[in-house]
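Values in this text are rule-based calculations from the coordinates and carry no lab data. Keep in mind that what you see is a predicted model, and the values were worked out from it rather than measured. Note: ideal-geometry Cβ built from the backbone for every residue, glycine included; neighbour counts use all protein chains shown.
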Amino acid sequence: MSDKLILAIESSCDETAAAVVKNGREVLSNIISSQIDLHTLYGGVVPEIASRKHIEKINQVIEEALKTASVTLKDIDAIAVTYGPGLVGALLVGVSAAKAISFATKIPLVGVHHIEGHISANYIENKELEPPFICLVASGGHSHLVKVLDYGKYEILGRTRDDAAGEAFDKVARAIGLGYPGGPKIDKVSKEGNPDAIQFPRAKVEGSVYDFSFSGLKSAVLNYLNGCEMKHIEYDQKDVAASFQKAVVDVLVEHSMTALEESGLKKFAIAGGVASNSALRAAMEKACAERQVEFYRPSPILCTDNAAMIGAAGYYEFINGNISGYDLNAIPNLKLGER
């Protein structure tokens, strides 16, 4: 089969990104325009501001991706774009740009699920990785345990019942005065804290061994902080961060390893923004090594939102014949496996 070049667009939250990916595994360009500094002022992503910034940046980012890859639209075989889940206004910018380019050039359009993109980030740096495998997707909006049956075919084993792991990181970081974005900041200060200083709860969801719940843990941290304030006791920010992080990591590792053992598979991958957390990566690596399981994780730049992962996922959707029409729309609460 001849080489296939995918132009990919990602705008589901606060990164405007475009990439050119060859055959689903080789990244020719990966351009990301981040809005973190802008949203830090507000302590989190402001959807209206995110959408406006996407409109400002989208054309520049696409042009830069093509230029860096030394290709033109004439060389592109398909345009892949995230159409859900995410912030509806933000998604609409990427979807509209992709549809406009597709309509003007007659290049096929491929709608990509954002979580499928995160999972597919593992294919970029691990050329040997092929389904089936188990993947933990942990990010600001999602905590999913997924059995990857084949390219584009997934079985969701578990998901969060309330806060996603990354959401809990952001809220706890704000509560202990670290600010936004919470994940990287907690990761950094936790290195100097004692992870066993405070015993925070590890929640289990009754009747579902794979599902996650982090709202109770978040409340436990807030209760601990309020208790310290009422008793006029100074708390150690680093110890709180490290103890909270350990509670999250313990649950993610335990559920993942249970899924892995019960599946009988010997390949495990992590994906999503929280997958760049150093404590989680180390704990997963250790747990997999103890079970003689191959462990895969993307580089941190491919864990956070980017378009290269959308290009990887889009390639497999394209060669499987999953072409989208011009009625493709943004679906903010799109479920994995839906089209």
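Among the lysines, which fall within straight-line cross-link reach of residue 185, defined as a Cα-Cα distance under 19 Å, with same-chain neighbours fewer than 8 residues apart omitted?
Cα-Cα hits under 19 Å: 171, 218, 238, 246.
For the range 63-136, which trypsin sites (Lys or Arg not before Pro) are both in a DSSP coil and crowded by at most 12 other Cβ atoms within 10 Å?
106, 127
Tell me which trypsin sites (Lys or Arg not before Pro) from the range 238-323 have a DSSP coil assignment and no more than 14 other beta carbons within 10 Å of their own.
Within the range 238-323, the qualifying trypsin sites (Lys or Arg not before Pro) (loop, at most 14 other Cβ atoms within 10 Å) are 266, 291.
For the range 50-152, which GluC sites (Glu not before Pro) are in a loop by DSSP, counting at most 16 other Cβ atoms within 10 Å?
128
Give me the percent of DSSP beta bridges within the range 131-297 that run antiparallel, rounded to the nearest 5.
60
At a Cα cut-off below 20 Å, give the lysines reachable from residue 53, other chains included and same-chain residues fewer than 8 away excluded.
Within the straight-line limit of under 20 Å, residue 53 reaches these lysines: 99.
If you take every DSSP beta bridge whose two residues both sit in the chain, what share of them, in percent to the nearest 5, is antiparallel?
Just about 60 percent of them are antiparallel.
By a straight-distance test (C-alpha under 19 Å), which lysines pair with residue 22 as possible cross-link partners, with residues fewer than eight away in the same chain excluded?
4, 67, 74, 127
For the chain, what is the mean residue ellipticity at 222 nm derived from helices alone (per DSSP H run of n ≥ 4: -39500 (n - 2.57); sum divided by total residues; nearest 500 deg cm²/dmol)?
-14000 deg cm²/dmol
Classify the range 131-297: rounded, prolate or oblate, from the alpha-carbon gyration tensor (a ≥ b ≥ c, eigenvalue square roots; a/c under 1.5 rounded; otherwise prolate if a/b is larger than b/c)?
prolate
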